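Worksheet: one structure, shown below.
The values are calculated or read from the model by the stated rules, or taken from the named source; none is laboratory data. For clarity, every value in this text was computed on a predicted model and none was experimentally measured. Neighbour counts run over all protein chains shown; Cβ positions are idealised from the backbone, glycine included. Side chains are part of the model used for accessible areas, which takes the heavy atoms of the whole protein and leaves out ligands, DNA and RNA. Shrake-Rupley method; radii C 1.70, N 1.55, O 1.52, S 1.80 Å.
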Amino acid sequence: MKIVMLGAPGAGKGTQAKMIAAKYGIPHISTGDIFRANIKNGTELGEKAKQYMDQGLLVPDELTLALIMDRFAQADCSNGYVLDGFPRTIAQAEALTASLKANNDALDMAIDVDVPDENIIERMGGRRACVACGGTFHVLYNPPRISGKCDLCGGELSIRKDDLPETVKRRLTVYHEQTQPLIDYYTKEGILRTVDGTKDVNEVFAEITALLD
Ligand code: ADP
Ligand code: ADP
Ligand code: ZN
């Protein structure tokens with residue numbers, strides 16, 4: 001099963017992708033998480049990506065594509081994957097289609113987690129991410145059991161630098177300009193499905209599993 005998650009920053013792609021990965025036994029691949037791991041480890045790629053990420057801009061396609069193709073080559077991708085945050089541009093989507101096609105393969109579904117811009121700022125303001133494992137929480141909607149600590153690994157929770165309101169606004173603009181056109185792209189491919197991302201986490205997941213089962 002090969003799935004792409006679409007949606008604005010903060011729509012809940014990561015939250016749902018992790019649940020899909022656990023239920024269907026496929027890896028959850030988040031380009032944002034991979035970039036952040038590279039930043040944390042001080043790699044050259046991380047250093048390049050950080051300049052864009054901190055400003056709320058997309059990392060150039062060239063860098064992103066090299067990174068994701070490398071990830072696809074790993075053994076755990078042989079049964080499929082759920083992609084979270086990739087593709088984010090038409091050029092990335094076309095490269096993905098082409099690379100799958102070269103192996104007589106294709107995506108099964110693109111799931112758009114639909115959340116209006118008004119809700120996004122609130123979602124991002126309350127997002128807390130684990131520095132150690134990338135686990136994601138929300139102070140109101142998905143609070144950790146112990147405030148400031150990750151439920152999964154006990155790590156410290158922090159506010160992502162790019163979740164500050166000004167940067168969120170920039171990311172939303174970038175989303176509408178560069179990523180939203182993918183909804184049309186996958187509609188034309190006949191694999192787009194939309195779920196209402198304003199419902200609570202478990203209700204959204206129920207909609208998604210109904211589509212996948
Ligand atoms: P969110 O979960 O809020 O949508 P991500 O963690 O997916 O954010 O991405 C954080 C940042 O990493 C993006 O704002 C962008 O700078 C960079 N990034 C992640 N994925 C991509 C991609 N496919 N193409 C370009 N930049 C990306
Ligand atoms: P994305 O990967 O699309 O950027 P996340 O999954 O990181 O989004 O979710 C953004 C924030 O919103 C997080 O703090 C998360 O806990 C919270 N969240 C996710 N899904 C929902 C939901 N259905 N309702 C309310 N809050 C949610
Ligand atoms: Zn953690």
Do we find that K18 is within 17 Å of the chain's Cα centre (by Cα) and open to solvent by 50 Å² or more (accessible area, probe 1.4 Å) in this structure?
yes
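So that you can scan it fast, the table gives a plain yes or no per residue for (1) within 15 Å of ligand 1 (Cβ to nearest atom); (2) of a type outside the set (G, A, S); (3) in contact with a Gly (Cβ under 6 Å, 6 or more places away or on another chain); (4) modelled with pLDDT of 95 or more:
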site	(1), (2), (3), (4)
G12	yes, no, yes, yes
A17	yes, no, no, yes
L65	yes, yes, no, yes
D76	no, yes, no, yes
T97	yes, yes, no, yes
D108	no, yes, no, yes
D114	yes, yes, yes, yes
I120	yes, yes, yes, no
When the residues of the stretch 181-207 are filtered to those that are touching a residue at least 40 places away in the same chain (Cβ under 8 Å) and of a type in the set (D, E), which remaining residue is nearest to I111 (Cα to Cα)?
D196
Taking D76, is it open to solvent by 10 Å² or more (accessible area, probe 1.4 Å) and either in contact with a helix residue (DSSP H, G or I) (Cβ under 8 Å, 6 or more places away or on another chain) or closer than 17 Å to V174 by Cα (or both)?
no
